[in-house]
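Notes for the one structure printed next.
The values are calculated or read from the model by the stated rules, or taken from the named source; none is laboratory data. Predicted, not measured: the structure shown is a model, and the values here were computed from it. Neighbour counts run over all protein chains shown; Cβ positions are idealised from the backbone, glycine included.
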Amino acid sequence: MGEPKFSRPKFDTPSHPWKAGRIEEEHAIKANHGLKNMREIWKAKSQLRRHRRQAMRLIGTVDTTEGHGKREMDDLLHSLYKKGLIESNASLDDILSLGTEEILSRRLQAQVYYKGLACSMKQARQLVTHGQICVGEQKVSIPSYPVSRDEEGDLRYHPSSPLNNPEHAIRKAIEGRRESAEYEEEEVDPVATPEFAEEVQAAGEAANAEQAEGGAE
């Protein structure tokens with residue numbers, strides 16, 4: 001039964017801790033998504049397993065064209081569509097083709113980066129944890145917050161954030177690189193290049209130094 005004071009873990013850990021292939025894969029995912037630790041990957045994998053388990057159970061059902069089976073299938077597809085994991089015309093087979101990175105891409109940290117509000121995944125995590133990001137009118141400081149399809153267009157900087165100023169060093173660096181003809185011709189995403197991340201980091205440090213000097217005065 002377990003100790004009532006402590007909640008049970010809501011994710012499964014790897015069955016074997018020392019498989020090189022899995023470790024390399026998880027390290028790559030961690031680097032791509034700017035994650036803090038492997039537990040965040042394990043949580044995504046556990047969530048994905050639950051969705052696949054439901055889909056496989058429905059696929060094995062005798063009849064999902066009417067009655068309770070159809071309602072359960074429609075509810076599952078509608079739920080995953082609202083979460084942004086599948087398209088409106090998806091089927092149960094599409095659920096089985098989902099991967100771990102599709103789950104991780106719905107995190108607030110990833111969506112902030114994809115919307116161009118941050119220069120890298122790590123910076124997106126920093127902005128979220130420091131309270132610089134709002135979902136609608138609500139400030140959210142949890143990087144793992146799952147962003148639904150309806151909330152995608154409501155991501156923005158917090159009203160009190162200095163990043164609302166278009167002249168902010170980070171904002172100017174992002175806009176400048178986006179408008180660069182060189183990057184448009186090469187079809188390279190400017191916020192995904194290491195050089196751009198280094199430049200923006202330097203600009204952010206300069207801006208923080210200016211704010212610190214202003215506060216000291």
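A few remarks follow.
- In the set (1) in contact with a Ser or Thr (Cβ under 6 Å, 6 or more places away or on another chain); (2) modelled with pLDDT of 90 or more, the condition left unmet by residue 51 is number (1).
- Scan the stretch 152-176 for residues that are within 19 Å of residue 121 (Cβ to Cβ) and in a helix (DSSP H, G or I) and the total you get is 6.
- Qualifying residue in the stretch 28-38 (condition: surrounded by fewer than 11 Cβ atoms within 10 Å (Cβ to Cβ), over 22 Å from residue 122 (Cβ atoms) and not aromatic (Phe, Trp, Tyr)): no
- When residues of the stretch 25-53 are limited to those that are assigned to a helix (DSSP H, G or I) and hydrophobic (A, V, I, L, M, F, W, C), the one farthest from residue 107 (Cα to Cα): 28
- Residue match in the stretch 54-62 (condition: in a helix (DSSP H, G or I), surrounded by fewer than 17 Cβ atoms within 10 Å (Cβ to Cβ) and among the small types (Gly, Ala, Ser)): no
- Residue within the stretch 112-123 that is in the same structural domain as residue 166 (by TED's automatic domain parsing), of a type in the set (Val, Ile, Thr) and in a helix (DSSP H, G or I) present: yes
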